[in-house]
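The values are calculated or read from the model by the stated rules, or taken from the named source; none is laboratory data. Predicted model, so just to flag it, every value in this text is computed and none were measured. Backbone-built Cβ (ideal geometry, glycine too); neighbour counts: all protein chains shown. Accessible surface areas use protein heavy atoms only, side chains included; no ligands, DNA or RNA. Shrake-Rupley method; radii C 1.70, N 1.55, O 1.52, S 1.80 Å.
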Amino acid sequence: MKNIIFACLSIILANCSINKDNSNSIDKTKLGNILSNHEMLIVNNMKNFYSIKDASGSRSLPKDMPFSAMSEMDSSNMELLPYYDFDEKAFYNDPSPESILNNLSKSKDMFFSIKKEGKLMYSMLLKKVGENWRLQRLREDWERIIGWLPERLSTADSKEYIIFRPCGLEYVIYYKGGKPVFCRITGEEISGEKLCETLVEMINIGMKNKKFLEEQRQ
């Protein structure tokens, strides 16, 4: 089963011709797909929820969330990014670069790139809570963080890539020369072996912290 998943992911990311665009023609704000009508409705409903305060203030935005970003948000300037979940437990049982790929699955959460005045301004993660979508995370200065990616993809096997977030850290995977390239979200390449080592270490730390907290509660 894992081999099938690995093969499918390889096809998704690698089965395209090499992009021959030069750097002068690269749209550095193009990262994902335009929103469907359904996705636009979700964004607009979520925007209304956070933009309208009731008497108690219970609908106010999180303290670290700039209000102007939400109130000025335009779904026509947003793109849906290829965001994937990562099965840390399954990976930990058999850590390897191949295991990283085998344990990725399309996320049910929605990860967006938001443009303003022709520049990448924010990334936003929405998570479904019950029947409603709620803001999970919003990051400012998105172009500084992810602006390297469009140019990197111009020399990759295709413009296809994925973002995943193991152990609270975001990484990007794309294919070049038929092989997966692992990068930190800020663009630094990292070998599959080094990434495995990092993830195992982070999972071990998480397990130790969890055990410590459980012992404190006893």
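Right, V181: at pLDDT 95 or above, closer than 20 Å to A90 by Cβ and open to solvent by 10 Å² or more (accessible area, probe 1.4 Å) or not? Write out each step before concluding.
Details: at pLDDT 95 or above: yes; closer than 20 Å to A90 by Cβ: no; open to solvent by 10 Å² or more (accessible area, probe 1.4 Å): yes.
So V181 does not fit the description; no.
Sort out which residues of region 141-155 are among the hydrophobic types (A, V, I, L, M, F, W, C) and more than 12 Å from Y175 (Cα to Cα), and write them in order of number. Outline the logic, then answer.
Step one: of region 141-155, the residues among the hydrophobic types (A, V, I, L, M, F, W, C) are 142, 145-146, 148-149, 153.
Of everything in region 141-155, those that are among the hydrophobic types (A, V, I, L, M, F, W, C) and more than 12 Å from Y175 (Cα to Cα) turn out to be W142, I145, I146, W148, L149.
Within region 172-183, track down each residue that is within 14 Å of the chain's Cα centre (by Cα) and over 15 Å from F86 (Cα atoms).
Selection gives Y174, C183.
Could you tell me whether region 96-109 includes any residue that is of a type in the set (K, R), under 20 Å from K159 (Cβ atoms), surrounded by fewer than 16 Cβ atoms within 10 Å (Cβ to Cβ) and in contact with a strand residue (DSSP E or B) (Cβ under 7 Å, 6 or more places away or on another chain)? Talk me through it step by step, then tell me what you get.
Initially, region 96-109 is screened for residues of a type in the set (K, R), giving 106, 108.
Among the residues that remain, those that are also under 20 Å from K159 (Cβ atoms) are: 106.
So of that shortlist, the ones also surrounded by fewer than 16 Cβ atoms within 10 Å (Cβ to Cβ) come out as 106.
Remaining after also requiring in contact with a strand residue (DSSP E or B) (Cβ under 7 Å, 6 or more places away or on another chain): 106.
Looking for residues that are of a type in the set (K, R), under 20 Å from K159 (Cβ atoms), surrounded by fewer than 16 Cβ atoms within 10 Å (Cβ to Cβ) and in contact with a strand residue (DSSP E or B) (Cβ under 7 Å, 6 or more places away or on another chain), one finds at least one in region 96-109, hence yes.
Could you say whether any residue in region 167-174 is of a type in the set (D, E, K, R) and buried (at least 16 other Cβ atoms within 10 Å of the Cβ)? Quick ask: steps written out before the conclusion?
To start, the set of residues in region 167-174 that are of a type in the set (D, E, K, R) comprises 170.
Retained after the next criterion (residues that are buried (at least 16 other Cβ atoms within 10 Å of the Cβ)): 170.
Yes, region 167-174 has at least one match.
Pull up region 187-197, narrow it to residues that are under 17 Å from N103 (Cβ atoms) and in contact (Cβ under 8 Å) with a residue 24 or more places away in the chain, then point me to the one that is surrounded by the fewest Cβ atoms within 10 Å (Cβ to Cβ).
Per the criteria, the residue is E193.
List, please: which pairs have Cβ atoms under 7 Å, are six or more places apart or on different chains, and start with a residue in region 121-149 that is touching a residue at least 60 places away in the same chain (Cβ under 8 Å) and end with one that is of a type in the set (S, T, N, Q)?
L126/Q136
Please go through (1) open to solvent by less than 30 Å² (accessible area, probe 1.4 Å); (2) in contact with a Gly (Cβ under 9 Å, 6 or more places away or on another chain) for A90 and return the number of the only condition it doesn't satisfy.
A90 satisfies all of (1) open to solvent by less than 30 Å² (accessible area, probe 1.4 Å); (2) in contact with a Gly (Cβ under 9 Å, 6 or more places away or on another chain) except (2).
Identify, please: which residue in region 117-142 is surrounded by fewer than 17 Cβ atoms within 10 Å (Cβ to Cβ) and closer than 14 Å to E79 by Cβ and is, among those, modelled with the lowest pLDDT? Steps first, please.
Going through region 117-142, the residues surrounded by fewer than 17 Cβ atoms within 10 Å (Cβ to Cβ) turn out to be 117-119, 127-132, 134, 136-137, 139-141.
This time we only want the ones that are closer than 14 Å to E79 by Cβ, so: 118-119.
Numbers: G118: 85, K119: 89.
For region 117-142, the residue satisfying everything is G118.
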